[in-house]
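Trainee: Sharing a structure below in structure tokens format, with a few things to ask.
The values are calculated or read from the model by the stated rules, or taken from the named source; none is laboratory data. Since the model is a prediction, treat every value here as computed from it, not as a measurement. Every residue, glycine as well, gets a Cβ built from its backbone with ideal geometry; the counts of neighbours run over all protein chains shown. Heavy atoms of the whole protein, side chains included, go into the accessibility calculation; ligands, DNA and RNA do not. Shrake-Rupley method; radii C 1.70, N 1.55, O 1.52, S 1.80 Å.
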Amino acid sequence: MKDAPAEDSGARITDEAGDVTDRVRQVIARLGCSQREFARRIVMDPSKLSRSLGGTRRFALAEIVRIADIGGVDTGWLLGAPERPTAAAPGREPAAVPEGGRPLQIVRETVRLIAEHGFHGVRVADIAAACGTSPAAVHYHFPGRDELLEAAVRWCMDEDTARRAAGLAEAPDARAELLHLIALQTPRSEQQRRQWLVWLDLWAQAARSTAVGRLHEHYYRQWRATVADVLRRGIDQGVFRPVDPEFTALRLTALIDGLATQVLATAPDSTGPDTMHAALLAFVESELTAG
């Protein structure tokens, strides 16, 4: 796969008159979902979608392809051609569309394969075979290697965000919210282990790639801000000591990272998820819980 910066990979679409953005807005309206949810479906940073719709950023061709795929419209129509139905060639059945669309299928299989083999051990041909499609189709949706990694990480982030939101809404206080976040970060289930293995590949790639490094910085800024907000609420509620929320969030997330790495890298009878969880609860009790 050709390496390309995530922000700059693929050709950019000229849209001086705003016709492309108008048609993308039509697709979002037809689907009846929010702009953020639509960004999740096409595996795109919501801020990039917002800037593109606002005219301060041009859509990449690969993004237009994904929008057409999820929206069930013709790519040519999005780019300005008259609308026409898509049809199979004479004598052939229409190709089955995977649940969630081809882009999400590619991303889900990329996450699975990265977790099993590591990012550099996964070829586009492997992803294509897992999706029952061709390498050209994978490149069609995600032209560059960094873009594939960004999409895989973003999908994991979106899954994490959804699970966090569900638990935080039900928690009676900030202490319960923090314990919920800790449980989500403890790699017990197969899905949690897969996502942690993808994070490990992200860290290694971020040290060598400016574009992936920006994604890494964005994710950690978001994650630490979530933890810091919970700590602030706990201080206000009186369930936590008056600690520095930002610095404590830095310490706690670093502890989570280090313990999770040990869980994934050591033998099952050494540092396991139960040991990790107990250590994190001990941190909460000794460093945070109000006496």
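Trainee: Tell me, what is the FRET efficiency for Gln262 and Arg58 to the nearest 0.05, using R0 = 41 angstrom and their Cβ-Cβ distance as r?
Mentor: According to the calculation, E is roughly 0.40.
Trainee: What is the angle, in °, between the Cα long axis of helix 190-206 and the longest principal axis of the Cα atoms in the chain? Nearest 10 is fine, range 0 to 90.
Mentor: For 190-206 against the chain, the angle is about 80 degrees.
Trainee: Give the shape of the stretch 171-288 as rounded, prolate or oblate, defined through the alpha-carbon gyration tensor: a ≥ b ≥ c are the square roots of its eigenvalues, a/c under 1.5 means rounded, and otherwise the shape is prolate if a/b is larger than b/c and oblate if not.
Mentor: In terms of gyration-tensor shape, oblate.
Trainee: Given the Cα-Cα distance of Leu281 and Leu250 and 0.36 nm per residue of separation, how much length would full extension add, in nm?
Mentor: Stretched out fully, the Leu281 to Leu250 stretch lengthens by 9.5 nm.
Trainee: For the stretch 227-291, report the convex hull volume of the alpha-carbon atoms normalised per residue, in Å³, without decimals.
Mentor: 71
Trainee: Enter the accessible area per residue of the stretch 101-143 (Å², integer; probe 1.4 Å; all protein chains in place).
Mentor: I get 40 Å² per residue for this part.
Trainee: Output the direction-averaged projected area (hull surface divided by four) of the convex hull of the alpha-carbon atoms of the stretch 97-200, in nm².
Mentor: 7.1
Trainee: In addition: Can you give the FRET efficiency to the nearest 0.05 for Ala171 and Thr210, using r as the Cβ-Cβ distance and R₀ = 35 Å?
Mentor: 0.40
Trainee: Hey, what's the Cα Rg ratio for the stretch 19-79 versus the globular rule of thumb, 2.2 N^0.38 Å?
Mentor: Working: Rg = 10.1 Å, N = 61, 2.2 N^0.38 = 10.5 Å.
The stretch 19-79 yields a ratio of 0.96.
Trainee: What does the net charge come to around Tyr220 if you take all other residues with beta carbon closer than 12 Å to its beta carbon, with K and R at +1 and D and E at -1? Could the numbers behind the result be given before it?
Mentor: Values: positive: Arg214, Arg221, Arg224; negative: Glu217, Asp257.
Combined, the nearby Lys, Arg, Asp and Glu give +1.
Trainee: Helix-only mean residue ellipticity at 222 nm, the chain, DSSP H runs n ≥ 4 weighted -39,500 (n - 2.57), per residue, nearest 500. What is it? Please list the in-between numbers first.
Mentor: Numbers: 14 runs with 190 residues, N = 291.
Calculated at 222 nm, the ellipticity per residue is -21000 deg cm²/dmol.
Trainee: For q = 0.11 Å⁻¹, what log10 I(q)/I(0) does the chain give under the Debye formula with an equal point scatterer on each alpha carbon and no solvent?
Mentor: -0.74
Trainee: Would you look at the GNM of the chain, springs on alpha carbons closer than 10 Å, and say which of Arg102, Arg194, Arg232 moves the most?
Mentor: Judging by the Gaussian network model, the answer is Arg232.
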